[in-house]
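Working notes for the structure below.
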């Protein structure tokens, strides 16, 4: 390469950045030896900012536009005159392009359940997830606080920290809201705004902002959701007459035929007539209202195990334990356990068994 080609290359310096990765937040302009020439043209496009670092210090932030860089760093003179540096300038300048557009559809979610107190159900465990968007609001602060000298910084490097901040604030808002679980779906938009406003001061310290935050779902444990579904089903089925009519119509609609529908209709009719007859015999008049739901099944009787001298015996029914109390083989301090109980407990500490000792006087006080 001739001297004129060398000088031509030294005089032409166009600095710009075009990104198509969709996840790059900061990109450093790579120049041989980081030498930015005097009078170089800097192009900053919409949705970008350029941070100029001169001799290790942040010098300026350029918003969208075309700029002519006129600094005291003149690599041409340095290259031609400072032969002792081997044609390399001792003055270093760098330009970092910062993407200031929104990064959308970012995911967040609770890793573990959130404990909250519901006014209707008592203590509950909640999970939630959603999306958010973020953008760089202060390029200089973002570069100094987060990026440092990273030549290519992506969204993945900061998203985990942002998710932790969102989940922490969401947990605080949900736990202190006092809103019933069944009403939370109607308040997700308000929850999202409150969480976004609460985390804004923390995010600003990174030079970022959260323009949007959405809560897509707030869910209960599967067992609790199944119980709610069963409760809803019982409420829908409430009127037996209407329910049987609906089932008969559904059978016809599903191709069951007139025979199936007639059979179901006849069964419903006979069932209602029998119920009305029984109620009429008991009260002297046919029932005028729909049959009431059947009473719940009786509670399951517990059986108990006894632990004495390192051995367990049982199971024993409550009636048998009453006999053992009478003959003195079961004492108040005897350890017992039944299915569903949290570990072994003394018989006197189990409410269901404590009443067995009411017929027996307690031990006399010391010295009596």
Fewest to most neighbouring Cβ within 10 Å: what's the order for 331, 37?
-> 331, 37
Residues of the range 191-231 with amide nitrogen under 18 Å from the 7 Å Cα-to-Cβ point of residue 145?
-> 196-212
Largest-first principal axis extents of the Cα set of the range 103-224 (Å) | 53, 23, 19
Sorted by Cβ density within 10 Å, fewest first, the residues 153, 357 = 357, 153
Which FRET efficiency value, to the nearest 0.05, do you get for residue 60 and residue 156 by plugging their Cβ-Cβ distance into 1/(1 + (r/R0)^6) with R0 = 22 Å?
-> 0.15
Let me know the Rg and Dmax you get for the range 304-359 when you use only its Cα atoms, in Å.
-> 10.2, 28
Sticking with the crude label model, points 7 Å out along Cα→Cβ, report the distance from residue 307 to residue 133 in nm, one decimal please.
-> 5.9 nm
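Coordinate-derived values only; no laboratory data. None of the values given here were measured: they were computed from a predicted structure. All Cβ positions, even for glycine, are placed from backbone atoms using ideal geometry, and neighbour counts span all protein chains on display.
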